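**Q** Below are the structure tokens for one structure; questions will follow.
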Amino acid sequence: MAKNESKTGPGQLVRRGEAAFLVALLALVAGGALSIPFVYESQTLWYKVGVDKTLLRSGQLAGLCAAVSLFIQMLLGVRGRFLEEIFGAGHLFRWHRINGLILIAFGLLHATLVLSAEELTALLDVKSWPELVGVLLLTAILAMVVSSLFRGQLGLAFAGWRLMHRLLAYTVPVLLAVHVLFVSDSFAHGLPMAGLLTILAALGGAILRIKWFARRPGRA
């Protein structure tokens with residue numbers, strides 16, 4: 001009887017409420033992001049018809065899903081006491097690994113669909129530098145995920161892997177912001193651009209706060 005009460009005690013109910021709020025907030029962010037290709041249609045879609053238009057829009061949606069997955073990955077990577085108390089450290093670690101694979105899947109799908117609708121030779125044009133930033137971004141994410149999953153097989157020392165992982169973790173959000181803001185004129189509009197920058201700033205602030213609290217005396 002006491003065991004059942006502990007499972008549904010006030011503290012547990014609060015944590016469940018906090019978890020539900022975070023999931024609802026994530027769903028709201030994801031829904032808003034996925035509406036952008038329809039509400040703020042890019043000019044490149046105006047000149048596409050049929051299959052090419054479908055491929056390009058699908059590629060944009062996959063890219064936005066990858067961006068949302070990256071935001072989640074950033075929070076899962078630093079975890080923090082608040083998230084650990086709500087979800088548990090073990091769950092966060094497992095979700096971090098799974099979400100890394102989801103992120104890679106959406107990133108590769110984004111690149112494949114967009115390149116299927118566009119000419120590959122267009123990437124050689126100097127005006128396509130935002131697309132090349134996207135290639136660099138995808139390469140960095142691949143390096144992070146592959147090195148994390150196969151560190152032992154690749155013979156990477158933990159200290160060297162950790163340093164590389166941290167450097168890329170700080171670089172990837174910058175590459176994402178540059179790629180998204182300049183690759184599509186959808187983000188030239190006030191709301192999508194403001195939303196992206198606000199989310200990145202909020203994530204940056206949350207991560208700094210988590211790290212600051214973790215380093216305080218008396219904190220684990």
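**Q** Please identify the pairs in which a residue from segment 28-44 that is on the phi < 0 side of the Ramachandran plot has its Cβ atom under 6 Å from the Cβ atom of a residue that is part of a helix (DSSP H, G or I) and surrounded by fewer than 17 Cβ atoms within 10 Å (Cβ to Cβ), counting only partners at least 6 apart or on another chain.
**A** SER42/ASP185; GLN43/ASP185
**Q** Hey, could you check segment 123-148 for residues that are among the polar types (S, T, N, Q) and either at pLDDT below 90 or surrounded by fewer than 14 Cβ atoms within 10 Å (Cβ to Cβ) (or both) and say which is nearest to VAL78 (Cα to Cα)?
**A** Out of the qualifying residues, it is SER148.
**Q** Can you tell me which residue is farthest from ILE102 (Cα to Cα) among those in segment 21-72 that are surrounded by fewer than 19 Cβ atoms within 10 Å (Cβ to Cβ) and charged (D, E, K, R)?
**A** Filtering segment 21-72 for residues that are surrounded by fewer than 19 Cβ atoms within 10 Å (Cβ to Cβ) and charged (D, E, K, R), the one farthest from ILE102 (Cα to Cα) comes out as LYS48.
**Q** Of everything in segment 170-184, what is in a helix (DSSP H, G or I) and surrounded by 13 or more Cβ atoms within 10 Å (Cβ to Cβ)? Give them in sequence order.
**A** Once the filter is applied, which keeps residues that are in a helix (DSSP H, G or I) and surrounded by 13 or more Cβ atoms within 10 Å (Cβ to Cβ), segment 170-184 yields THR171, VAL172, PRO173, LEU175, LEU176, ALA177, VAL178, HIS179, VAL180, LEU181, PHE182, VAL183.
For (1) over 19 Å from ALA62 (Cβ atoms); (2) basic (Lys, Arg); (3) in contact with a strand residue (DSSP E or B) (Cβ under 6 Å, 6 or more places away or on another chain), each residue gets a yes or a no:
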{"site": "TRP129", "(1), (2), (3)": "yes, no, no"}
{"site": "LEU136", "(1), (2), (3)": "no, no, no"}
{"site": "ARG151", "(1), (2), (3)": "yes, yes, no"}
{"site": "ARG162", "(1), (2), (3)": "yes, yes, no"}
{"site": "LEU167", "(1), (2), (3)": "yes, no, no"}
{"site": "VAL180", "(1), (2), (3)": "no, no, no"}
{"site": "SER186", "(1), (2), (3)": "no, no, no"}
{"site": "GLY190", "(1), (2), (3)": "yes, no, no"}
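**Q** Would you be able to say whether some residue in segment 109-122 is surrounded by 13 or more Cβ atoms within 10 Å (Cβ to Cβ), under 19 Å from ALA169 (Cα atoms) and either of a type in the set (S, T, N, Q) or touching a strand residue (DSSP E or B) at 6+ places or on another chain (Cβ under 9 Å) (or both)?
**A** no
**Q** Could you say whether any residue in segment 155-169 is assigned to a helix (DSSP H, G or I), in contact (Cβ under 8 Å) with a residue 24 or more places away in the chain and either surrounded by 14 or more Cβ atoms within 10 Å (Cβ to Cβ) or at positive phi (or both)? Give the steps one after another, and end with the answer.
**A** Residues of segment 155-169 that are assigned to a helix (DSSP H, G or I), as a first pass: 158-169.
Still in the list and also in contact (Cβ under 8 Å) with a residue 24 or more places away in the chain: 168-169.
Filter again for either surrounded by 14 or more Cβ atoms within 10 Å (Cβ to Cβ) or at positive phi (or both), leaving 168-169.
Yes, the conditions are met somewhere in segment 155-169.
The values are calculated or read from the model by the stated rules, or taken from the named source; none is laboratory data. No experiment lies behind these values; they were computed from the predicted model shown. With ideal geometry, Cβ positions are generated from the backbone for all residues, glycine too; neighbour counts draw on all protein chains shown.
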